[in-house]
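**Q** Just passing along the structure, written as structure tokens.
Bear in mind that the values in this text are calculations on the coordinates, not laboratory data. From a predicted model like this one, the values you see are computed outputs, not experimental measurements. Every residue, glycine as well, gets a Cβ built from its backbone with ideal geometry; the counts of neighbours run over all protein chains shown.
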């Protein structure tokens, strides 16, 4: 069992308060509006099954520190995997170069603890769970998948987990530490019927220990993977052109992530390069639309107790009843706009500097019954599962890829369709969300968001919604 | 100072010996060290400057026919020993898979010397912070002076890095290599009457600093892309000829990458299974995987399995000639290994410019960029968001956005009707502009 608290975790690597104060003094030698040290120690493990065998494993250890110095909106950054005082001071001196023309500021003289939430307590850290405990889970998921449907021909399974400890020491002497568990499981299935072969998969993820895998979750992991594979056997090509689109509750929150979420990250707005840059407090959607970004959901993949520059995390209303109310702020943008940070400063690792990022982004429930929404569409599509998306921040054009969907004809779901890209313009699409269901669902899949080469875990959610028109990239 | 790699070879060899001593039957160790610098300028000042040196060790090992792989950046000797012990202990809980054994040593080695690959520019050692600062200011100044109207913000990007790595296996492979890279570019964001703020950017990468384009070229490319973003929108859904610009051709070519892989073939997830020797495209469709191109961004002396890196024809005149088979999947499929992953892809060009070719089409869509989309390796179907320009008899008549292109791997390359004479060299996909007929686009 690990007995070190998160705040004391890095003492095993020789990092104590006195050393961090000395490194910070080097970082701020030319002055700084802000500065921080970000220590990280990650231990991750994955095991995989294919060909009926649990036949591969991967482990990795990542250890290092990033040093950031901020002058106005200018950032100097350096990092090292070597936690010796010499190496850390060398990195600090490089980061400090951004402030070369400034004046030395007074470095902090003592350390004080900052506020940290507790959204993802675990009974056992993953480092205390042996590979021997992981292997039976993986075997069972494969066995269950084959037992579900005789059309299942091939099953691959993976279970990944990580223990990540971080320590942030800020220029004002504030110290915050966090232990961040993460686990992801996937089941990937290939099915055949006649001369047709199709693949489908499902994954689950959360900031949790091994007890995340309740029987309900294990059953859903297998059931969904098999269902997606065999359903695809009978799915046909999608239509092409503009049409009404109904998005099912859950992972269709990818629309929010791409259509508005990135555009509300405050770095794009303070630079004036987001299509939402001058729309604060203006109406951008109907009354039924309220969108939040929420880092406080217990054990959620997007949850964080404290952000990656030491600010407390929160639930932030981005759009309230159709009116734009807030951007997602890190400390640089919060200073720029004269507001409090929203706890949205995140980074992939100690090798990356801080950017405003989403956590769990979702739309609150509206008034409509989901069946009423589907029944309202004469001809369109109903999108169920998704894989990826992208946005152009300034133009506002976005796209997301639909793995599985259904045609809607005269208010009824008719034939299944698959593999189609949907494209639209964020502000235009938000204006045309005209029905919001009463069935908000937060998706617990393994979503990852990319920005400026950095990947961070996120989640998303949505009630059933109707979009009046989107361009559907089908083949007929 | 020229990079020296002896310390890395030493560490890799010591780690091989230690891992074997702790109970592994086979082991392959890679030790790498690198440095990189990035400078981003915006609106007249440095927005962000990042500099770092980085290091890491990775290994794969076999214990009693069981396989695992591992990586660490914590190279303190006592930590490394414990890491290796944990790795071996974890491996013993797995099930045997002898096909994971290291490859036949006769297949392993260098395909080219570092000198032949020419992937380390001596100018890297003399590239100073002052040089980066000067280049960044010049790019930014050129973007600002580009003559575009209603510019909101302009930026410049300069990056470079070097890496040194050593690879040692318990079966006798011991090699080291070093390389460098440079990248630069710029971006501008415009305010347009429709309330949008379209961005236009141009980025280039190369092994040699002198291979990168001039600042005037970067400026001209940003202006071209910016003008293509003005007043853009969709046109009617339908089938059009697609002129796929060289610099983005990799997105469509890439849809065959997954189905060509040994993993996809072995797990019945490939639409190209059983297609070796069959026609999968027109006579104009040829792809050569060539890891030996001097200064190539994808060039290498050996592959991930330490197999000798050499040119391979993947598709020749439309006929599929080779899959990507690493040692493991070669054994699983009872086929000779080729290589596990792509290096440089070379698509032969033609004699005409795409502008000349385009004149023959009353209407065609010039695809200049992609937005989102994906493909299904089992069926081969793909659907991507696109932007570009409508050409009528070769003349640009409308800028396009909010459109998709869709098709199938087993169909699209049969529609390849022309290749232009403008091979793009700033990528590991070295393709000319490609022309496809009768392609499905969706818009209004």
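**Q** Express in whole angstrom the spacing between the alpha-carbon centres of region B:1-52 and region B:147-197.
**A** The two parts, judged by their Cα centres, are 19 Å apart.
**Q** Take every Cα-Cα distance within the protein assembly as shown, group them into 20 Å bins from 0 onward, and report for each bin the whole-number percent of pairs it holds.
**A** It works out to 13, 46, 38, 3, in whole percents.
**Q** Next question. Specify, per residue and in Å³, the volume enclosed by the convex hull of the alpha carbon atoms belonging to region B:232-444.
**A** Per residue, the Cα convex hull of region B:232-444 comes to 108 Å³.
**Q** Something else: For region B:186-286, report the translational diffusion coefficient in µm²/s to the nearest whole number, using Stokes-Einstein at 37 °C, 0.692 mPa s, and a Kirkwood Rh over Cα pairs. If you can, show how the numbers build up before the last one.
**A** On the way: Rh = 17.9 Å.
Roughly 184 µm²/s, to the nearest whole number.
**Q** Given a Förster distance of 60 Å, report the FRET efficiency between residue A:428 and residue B:104 from their Cβ-Cβ distance, rounded to the nearest 0.05.
**A** With R0 = 60 Å, the Cβ-Cβ based efficiency is 0.55.
**Q** With a cut-off of 8 Å between alpha carbons and a minimum separation of six or more residues, what is the relative contact order of region B:232-444 in percent?
**A** Working: 559 pairs, mean separation 66.6, N = 213.
Here the relative contact order equals 31 percent.
**Q** Just to be sure I follow: if Rg is taken over the C-alpha atoms of region A:6-232 and Rh is the Kirkwood radius over the same atoms, what is Rg/Rh?
**A** Working: Rg = 23.4 Å, Rh = 20.3 Å.
Result: Rg/Rh = 1.16.
**Q** To continue, here is another question. With a Förster radius of 22 Å, plug the Cβ-Cβ distance of residue A:196 and residue A:476 into 1/(1 + (r/R0)^6) and report the FRET value to the nearest 0.05. Before the final figure, lay out the partial values.
**A** On the way: r = 19 Å, r/R0 = 0.85.
That pair, residue A:196 with residue A:476, gives E of 0.75.
**Q** Give me the percent of Cα-Cα pairs in chain A that sit more than 31 Å apart, rounded to a whole number.
**A** Taking all Cα-Cα pairs of chain A, the fraction more than 31 Å apart is 48 percent.
**Q** At what distance in angstrom do the alpha carbon centres of region B:332-390 and region A:257-310 lie from each other?
**A** When both Cα centres are located, 35 Å separates them.
**Q** Relative to the present Cα-Cα distance, how much length would full extension add between residue B:126 and residue B:395 at 0.36 nm per residue of separation? Before the final figure, lay out the partial values.
**A** Details: separation 269, 0.36 × 269 = 96.84 nm, distance 4.60 nm.
Taking 0.36 nm per residue and subtracting the Cα distance, the gain is 92.2 nm.
**Q** In deg cm²/dmol, rounded to 500, what helix-only [θ] at 222 nm does the protein assembly as shown give when every DSSP H run of at least 4 residues adds -39500 (n - 2.57) and the total is split over its residues? Don't skip to the end; give the middle numbers.
**A** Working: 19 runs with 177 residues, N = 920.
Rounded to the nearest 500, it is -5500 deg cm²/dmol.
**Q** I'd like the distance between the alpha-carbon centres of region B:91-121 and region B:269-295, rounded to an integer number of Å.
**A** 23
**Q** Quick one: length gained pulling residue B:214 to residue B:411 fully straight, 0.36 nm per residue minus the C-alpha distance?
**A** 67.0 nm
**Q** Specify the angular offset, from 0 to 90 degrees and rounded to the nearest 10, of the alpha carbon long axis of helix A:17-27 from the longest principal axis of the alpha carbons in chain A.
**A** Here the helix axis deviates by roughly 90 degrees.
**Q** Please list, by residue number, everything in region B:241-255 whose backbone N is under 18 Å from a paramagnetic label point 7 Å out along Cα→Cβ of residue B:355.
**A** B:243-247
**Q** In Å, the Kirkwood hydrodynamic radius of region B:321-444 over pairs of distinct alpha carbons? Don't skip to the end; give the middle numbers.
**A** On the way: mean 1/r = 0.0602 Å⁻¹.
Mean inverse Cα-Cα distance, inverted, gives 16.6 Å.
**Q** Assuming 1.306 mPa s and 10 °C, estimate D for region B:1-149 with Stokes-Einstein, Rh taken as the Kirkwood radius over Cα pairs, in µm²/s. Please list the in-between numbers first.
**A** Values: Rh = 19.3 Å.
Estimated diffusion coefficient is 82 µm²/s.
**Q** For region A:240-473, taking Cα atoms only, what is the radius of gyration to one decimal and the Dmax to the nearest whole Å?
**A** For region A:240-473, the Cα-based Rg and Dmax read 17.0, 54 Å.
**Q** Along its principal axes, what span do the Cα atoms of region A:293-395 show, with the longest given first and each in whole Å?
**A** Sorted from largest, the Cα extents of region A:293-395 read 49, 34, 29 Å.
**Q** Using alpha-carbon pairs under 8 Å, 6+ residues apart, how would you state the relative contact order of chain B in percent?
**A** Working: 1088 pairs, mean separation 68.5, N = 444.
After rounding, I find 15 percent.
**Q** To test your reading of the geometry: what angle, between 0 and 90 degrees and rounded to tens, separates the Cα axis of helix B:129-144 from the longest principal axis of chain B?
**A** Tilt relative to chain B: about 20 degrees.
**Q** Could you give the angle, 0 to 90 degrees to the nearest 10, between helix B:6-21's Cα long axis and the longest principal axis of the Cα atoms of chain B?
**A** Approximately 50 degrees, to the nearest ten.
**Q** What span do the alpha-carbon atoms of chain B cover on each of the three principal axes, reported in whole Å from largest to smallest?
**A** 70, 55, 37
**Q** If a paramagnetic tag sat 7 Å from the Cα of residue B:183 along the Cα-Cβ line, which residues of region A:338-356 would have the backbone N under 15 Å from that point?
**A** Answer for region A:338-356: A:352-353.
**Q** Multiply the residue gap between residue A:52 and residue A:410 by 0.36 nm, knock off their C-alpha separation, and tell me the result in nm, one decimal place.
**A** Gain on extension, residue A:52 to residue A:410, equals 124.4 nm.
**Q** Over region A:240-473, what is the mean sequence separation of C-alpha contacts under 8 Å (at least six apart), divided by residue count, expressed as relative contact order in percent?
**A** That works out to 31 percent.
**Q** Could you identify which residue out of B:78, B:321, B:175 has the top mean-square fluctuation in a GNM of chain B using Cα springs shorter than 10 Å?
**A** Of B:78, B:321, B:175, the most mobile in the Gaussian network model is B:78.
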